[in-house]
1. Modelled with pLDDT of 70 or more and either in contact with a helix residue (DSSP H, G or I) (Cβ under 7 Å, 6 or more places away or on another chain) or closer than 20 Å to TRP76 by Cβ (or both): is that true of LEU42 in this structure?
2. Being in contact with an Asp or Glu (Cβ under 9 Å, 6 or more places away or on another chain) and more than 12 Å from LEU42 (Cβ to Cβ) is the filter here; which residues of the stretch 56-85 pass it?
3. Among the residues of the stretch 1-19, write down those that are at pLDDT 75 or above and over 30 Å from LYS29 (Cβ atoms).
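The values are calculated or read from the model by the stated rules, or taken from the named source; none is laboratory data. This is a predicted model, so every value here is computed, not measured. Note that we place each Cβ from the backbone using ideal geometry, even for glycine, and neighbour counts take in every protein chain shown.
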Amino acid sequence: MTRLKWDREKQNSIMNSNYWVNPKEGFDKTWHEKKKTLNKNLGIHKDHKWEPVKLESGPHVGKAICNTCGGKFIMWLPKNYFTNT
């Protein structure tokens, strides 16, 4: 029969490293960085005159529209956009 190791708490696991435990600093760091920077997501509208619009109802908190392109929808804004400004 196989002998099992019951004292696993003493062993170091790769899954306990900071890379897996803290996604903002580990495996998901690039996604969190992209979410922070809004100008990267504006695409061709980055140099245009755009404005954020706060929505009162619906599933989204707000949206960004481009005034240069005649009020064209650019993207949905993250929840923290209006709380930080």
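1. Working: modelled with pLDDT of 70 or more: yes; either in contact with a helix residue (DSSP H, G or I) (Cβ under 7 Å, 6 or more places away or on another chain) or closer than 20 Å to TRP76 by Cβ (or both): yes.
So LEU42 passes the test.
2. ASN67
3. Matches in the stretch 1-19: THR2, ARG3.
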